[in-house]
Structure formats: structure tokens, C-alpha cells
Ligand SMILES: NC(=O)c1ccc[n+]([C@@H]2O[C@H](COP(=O)([O-])OP(=O)(O)OC[C@H]3O[C@@H](n4cnc5c(N)ncnc54)[C@H](O)[C@@H]3O)[C@@H](O)[C@H]2O)c1
Ligand SMILES: O=C(CO)[C@@H](O)[C@H](O)[C@H](O)[C@H](O)COP(=O)(O)O
Ligand SMILES: [Co+2]
């Protein structure tokens, strides 16, 4: 018989005292964001080869959760692709917009996984759709059997540059934006801007808000690209109908993803809550939910960025000329700089208070420094926000008047 002393244990503890065990483990994470034009063209093997983890060669069937609108427009082509490559694909079309980004939709995905009898490790769920669909499917997959692999194919601009590249999943709960969620990277995301051909102007503008966010806090170069090409990229739906627009579309999307991943990779689990990518997301979660369905996600982010740019000007971190330049670009990109929800009594204070709870008791509020820089502040007061809101209201009115007179002169 072995004596107790002969057991070799990996964890250390002292038998002489009441024991406590400390467990430390590191989880290695690897995922891929892969640019792939015309992903579902029959001769494209990008999705098949993808990367070893996301390869479709493992097993010959797949569960595909697809945004119902995307299915209506692109479904035949996508079905044809899987048939062509001998993969038995089960399609589950789902309505996916902010008003149904809720627990019940996640349950529908869980039901689909149960119905399909998904093989937990070798049959990644494929999510095809906008940010809402990706967030819902990612959430459901991450809790199903405590984690089932999934692959993302974003079909909106927000999906391509933001919702498809990070590790956050979630659904709204009550008035709480993304109140239920997990950190769960997809195996891979395939970024195919051909999908943007069928996206309407408003949703293209919506995605440009998140690109503008990256520009305002990190890159004057990207901001200038948006100034020069923003409107034309919307008209062209990022399809690259000329060499110049093709280069601009590629640069804007790639740079935005790159800047985002630069911030995410060292802080994937948000152990540091001073995140510059939270810019535009201090007041907007509350504004978006209060105004739902009037404000899209990117529009609420734009209103927040306009407000905090005005605040930055009043605090001396950006000049008035820079503030005007930012507001002008927003308008050119088809984004609002104002929404009346800003005037709802108490809403800005409540929004800040909720964000402070989200950021472990401090504001950690990213504010612009010039265009392309940022710093974090913790001393914003309600009076300061109200002054910024009043200034923004006035400037937004002036912009509208100027736009109306320009339109009159043009007609
Ligand atoms: N997880 C993250 O890190 C992250 C990051 C940014 C945003 N988000 C979330 O993303 C959501 C917003 O995503 P969104 O802007 O993509 O909205 P969305 O998913 O609601 O899509 C917008 C609309 O476009 C339709 N659609 C999708 N693709 C289309 C296409 N190719 N052609 C025509 N119509 C198409 C959809 O059916 C929908 O009606 C928000 O809920 C936001 O919180 C998540
Ligand atoms: O909107 C999102 C994620 O939902 C992104 O654009 C953004 O970069 C950040 O993740 C936001 O700051 C949101 O963070 P959180 O409030 O969901 O924690
Ligand atoms: Co966002």
C-alpha cells in the first residue's frame, strides 16, 4: 500500500493547517478574421479551407442560422454553395433586428441546435447575418453544453468591422443593452463585403459610425479617408466600382478591423476597463434602448460621440474647428448628431450611472484629444454634460439650417 506521502499532486497545499487551494490556469485563445470576397461563389474554397479549426472538412453536415432577410436575398446562392460542395446544410432563418435581440431568440437557436442534434466539437454552427444575428447565435452557442464552436459570416457593415471581430456575444434584457452575454470567440469570421451590395444606405451609415469611432480615437488617417471617400463609399455600397473606390473600401474596412483588433487582443476579457473602443458607448446603451426602435446601434453611438466631442471641446481637449469637422463628417456619413432623447429629463445622468456600474465604479470615460487621440476621464459632472448637450443642440440646428440652404441653392 502507498503511504499518503508518496502521492504526488499537481496542486500544493499544506496538511498542517486548514487547507486552501489556489487554482491557476491559462486558456489559450486563437481565432481568425479572414477577408474573403465572394465567399459563396461556387469556386471559392475560403470557407472550406478557412483555417484548420474552422475547416468544413470535419463532418459533412452543418447547422446554419441565417438572418431571414439575408436568406430571402442571398439564400438560394448560399444553399447552392453547400450543395455544390457536398455539405448537408440545415438552414434556420431567423428574424434578427434590435427589437428581437432577446432571450427568446437565443432559446430559438438552442432549440435548433437540439433539433439538429449537434455534435458538440466537430460541427460548428454557422451564423450568417448582421450584428444582432451574430450576437444572438454566439450567445446561444457559448452556453449550449457550456460551449459549442461557431463560425461567423457577417452581412452588415457593423458585422464586418465590429460585431464579427471581437469576442462579445449577448442579448438585451429589460432596458439593459447586451445585459446578458458572454465572452466567446468564434472559430473564425469570414469578412465578405460583397454582402453590402444589398444593404440599405441607413445601415451602411450605421456601420460607418463604428468605423468613425475607431478613427476619432486612434487614427487621423482613417478619419481623412472617411472625409474624402465616406459619401462615395455609401453610394457604391463598398463594391469597388472604380479602382479608387475599391482601394478606399478595402482600406477603410481593413484599417478599421486592424485598429479594433489592436485594442482587443491585449484585453480580450476586458480585465482593463479603460477601453478606448468604448468611445461612443458611455451614454449610447441607455439612449439606444430608450429610443428603440428609432435609433439604430451606430446612430446611438454617433449621438454619443457628438455629445462627448462637444464635451471634449468644453474641456479643452479638442478645438472648435475640430468639433465642427467631426460633426460635419457625421452628417456627410448620414449619421445623426442629435436626438431628442438627449433632452429627456434625467436620461444622461441615468446613462452615466449605469455605465459607472458597468466600469467597476469609475467613469473611465474615453474623450477625444484632437482627432485621432483620446484620454480617459473620471470627473465628468451632470452640469458639464448638460452644457455639452446644449452646445450640441445649437450646433446641430446650425448644421441642419446650412444643409437645407445648400439643398435649396442646388435645386
Ligand atoms: N458583439 C460585438 O462586439 C458587437 C459590436 C458592435 C455591435 N454589436 C451589435 O450589433 C447590433 C447591430 O448590428 P447591425 O447593425 O448589423 O444590425 P442588424 O443585425 O439588426 O442588421 C440590420 C438589418 O439589416 C438586415 N440585413 C443584414 N444583412 C443584410 C444584407 N446583406 N442585405 C440586406 N439586409 C441585410 C437585417 O435583417 C436587419 O434588418 C447591435 O445589437 C450591437 O449591439 C455587437
Ligand atoms: O457595441 C459594441 C459591442 O456590443 C462595440 O462596438 C464596442 O466596441 C464595445 O464592445 C462597446 O463598448 C460595448 O461594450 P459593452 O457595453 O457591451 O460592454
Ligand atoms: Co458598438
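Taken together, the values in this text are just the output of simple stated rules run on the coordinates, not laboratory data. It should be emphasised that the depicted structure is a prediction, and the values quoted were computed from it without experimental measurement. When we count neighbours, we look across all protein chains shown, and the Cβ atoms used for this are built from the backbone with ideal geometry, even at glycine.
Among the DSSP beta bridges whose two residues both lie in the chain, what percent are antiparallel, rounded to the nearest 5? The antiparallel proportion sits near 30 percent.
Fully extending the segment from residue 197 to residue 378 would add 60.9 nm, taking 0.36 nm per residue of separation and subtracting the current Cα-Cα distance.
When both the range 151-202 and the range 278-354 are represented by their alpha-carbon centers, they are found 21 Å apart. For the chain, the longest principal axis of the alpha carbon atoms and the long axis of helix 131-143 meet at an angle near 20°. Helix 320-332 and the longest principal axis of the Cα set of the chain meet at an angle near 70°.
With n ≥ 4 as the cut-off for DSSP H runs, can you work out [θ] at 222 nm for the chain, using -39500 (n - 2.57) per run divided by the number of residues, rounded to the nearest 500? Please report the intermediate quantities before stating the final value.
Values: 12 runs with 186 residues, N = 411.
That comes out to -15000 deg cm²/dmol.
Segment residue 72..residue 321, full-extension length gain: 85.1 nm, with 0.36 nm per residue of separation and the alpha-carbon distance subtracted.
Pop the C-beta distance of residue 102 and residue 25 into the FRET formula with R0 = 30 Å and round what comes out to the nearest 0.05.
Working: r = 33 Å, r/R0 = 1.12.
E(calc), rounded to 0.05, equals 0.35.
How large is the Kirkwood hydrodynamic radius of the range 62-106, in angstrom, based on all distinct alpha carbon pairs?
11.4
Converting the Cα gyration tensor eigenvalues of the range 32-199 into ellipsoid dimensions via √(5λ) gives semi-axes, longest first, of 22, 18, 15 Å. Each residue of the range 312-411 gets 114 Å³ once the volume of the Cα convex hull is shared out per residue.
What is the Cα radius of gyration of the chain over 2.2 N^0.38 Å, N being its residue count?
On the way: Rg = 23.4 Å, N = 411, 2.2 N^0.38 = 21.7 Å.
For the chain, the normalised Cα radius of gyration is 1.08.
Rg then Dmax, both in Å and based on the Cα atoms of the range 176-272: 14.8, 44. Protection proxy ranking for 169-179, 151-161, 24-34, 216-226, using the average of other Cβ atoms within 10 Å per residue and placing the highest first: 151-161, 216-226, 169-179, 24-34.
How big, on average over all directions, is the shadow cast by the Cα convex hull of the range 203-403, in nm²?
Details: hull surface 43.4 nm².
Result: a mean projected hull area of 10.8 nm².
At full extension, residue 269 and residue 114 could sit 52.9 nm farther apart than now, given 0.36 nm per residue minus the alpha carbon distance.
Considering only alpha-carbon pairs that sit under 8 angstrom and 6 or more positions apart, the relative contact order computed for the chain is 13 percent. Antiparallel as a % of all DSSP beta bridges within the range 32-199, to the nearest 5? If we restrict to bridges inside the range 32-199, about 10 percent are antiparallel. Between the Cα long axis of helix 201-218 and the first principal axis of the chain there is an angle of about 90°, rounded to the nearest 10.
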